[in-house]
1. Return the single residue from 252, 130, 162 with maximal mean-square fluctuation; model: Gaussian network over the chain, springs between Cα atoms under 10 Å.
2. If you line up the long axis of helix 280-297 against the longest principal axis of the chain, both from Cα atoms, how many degrees apart are they, to the nearest 10?
3. Say R0 is 51 Å: what FRET efficiency, to the nearest 0.05, do residue 176 and residue 40 get from their beta-carbon distance?
4. Calculate how steeply helix 232-241 sits against the longest principal axis of the alpha-carbon atoms of the chain, using the helix alpha-carbon long axis, and give the answer as 0 to 90 degrees to the nearest 10.
5. Give me the one-decimal nm value for the distance between modelled label points at residue 268 and residue 184, 7 Å along each residue's Cα-to-Cβ direction.
6. Residue by residue through segment 143-149, which ³J(HN,Hα) values in whole Hz follow from phi under the Karplus form 6.51 cos²θ - 1.76 cosθ + 1.60 (θ = phi - 60°), with glycine and proline marked x?
7. Tell me, rounded to the nearest percent, the portion of alpha carbon pairs in segment 41-101 spaced more than 20 Å apart.
8. Mind checking which lysines have their C-alpha under 25 Å from residue 296, skipping anything on the same chain fewer than 8 residues away?
Amino acid sequence: MTDFAWPSLEPERRILAEIGVEVVVAESGDEDELVELAGEVDAILTNWKPVTERVLRSAPRCLTVARYGVGLDNIDVTAATELGIVVSNVPDFCVDEVSDHALALVLALSRHIVDFAHQTSTGGWDHKAFGEMRRLRGQTLGLIGFGRISRRVAAKAQAFGFDVLAYSPSLTPGEHDGVRAASFEEVLGSSAVSLHAPLTPTTRHLIGADQLAMMRPGAFLVNTARGALVDEAAMIAALKSGHIRHAGLDVFATEPLPPGHELTTLPNVTLSAHSAFRTPEASEALLRRALDIACKVAGKA
C-alpha cells in the first residue's frame, strides 16, 4: 500500500488477515521506497502516490495495481499493460460526495456566500458589496465530461432550475435526461462551467488561455476533477482581469498548495483541500471495493 487518506489501515489489515494476505505499507510512498518494497508483492494498492514504470518493473510478482479512487493518472497504465499487470479503479466512488461539493461551489459562488460570510463576521453590512446576484433558475450550467459524477451534478442542478449543457467526446447528440449535448465551445459559454473530465495526456491543460477567453465574461469556473485540467497561470490571469468572475477549486496542479501560492491570495477564488470525496460512507465502500478487486485479480478471493 503506497499511501492512504484515512486514519488507519486497521480495516484493511483485518479483512486481508482473514484470507492470509500480508500488508506491506510504505512510509513515505516515494519512488525509491516503492521500488525497494515492490520486489515481493503480488498486488499494489495506491491512493495518490505515483506508481511509475520503474516501480512496476521492480515488481516481478505483481499481478495488479488497484487504485483507491476513480482516476488513473498516478499509475503508468501503459507500462502496466506491457507487463501484463491489471490496473483497476473504483469508478462509482464518491459520486454523491463530489457532485454535492461541485454544486455547493456553484451555489456559493453564485450567491457570494464566502464573501458575505467574511464581510458580516468582520463587522460589515453591505448587501451590494459584491455585485449583482442572478436568479439561478434559467442560468446555464456547462459540464465538461459527462460520467457518473457529472450526471449526478446535472440532476441536482436541474432541481435548482439550471439549464444544463454537457460536452464529452463520447456524448451523442440530443438530450440525456434533460441535459443537452453541446459543443465544447458552447459549453464554455455557460454562466458557470464545472469540470468533470479525467486527466489524460489529451486533457492536460484542457482549459488554457484560449478556452478561458471563450468563457462568458463574468462566468464562474468550478473544478473538482483534477487540477492539471486547467492551466493555472492562464486561470490566474483571467481571474485578475475579471474575465472569470470567480473560481471554486478543490484540486490543483500541485497538492498541497505551496505556501504563498498566488491562488491563495486572490479575493475571487474559493478553495478547498481536495476534500470533495470525504465521507465515512464513501471511504468504507472504497476500501472494500478496491480490496475485493485486487484480491480477485491476485487469486486471493
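1. Answer for the Gaussian network model of the chain: 130.
2. 40
3. 0.60
4. The helix 232-241 is inclined about 10 degrees to the chain.
5. The answer from the label model is 2.4 nm.
6. Karplus-based 3J(HN,Hα) across segment 143-149 equals 10, 9, x, 9, x, 4, 5 Hz.
7. I get 25 percent for the Cα pairs in segment 41-101 exceeding 20 Å.
8. Within reach: 49.
Readers should treat all values here as calculations from the given coordinates under stated rules, not as data from a laboratory. Predicted model only: the values in this text are computed from it and were never measured. All Cβ positions, even for glycine, are placed from backbone atoms using ideal geometry, and neighbour counts span all protein chains on display.
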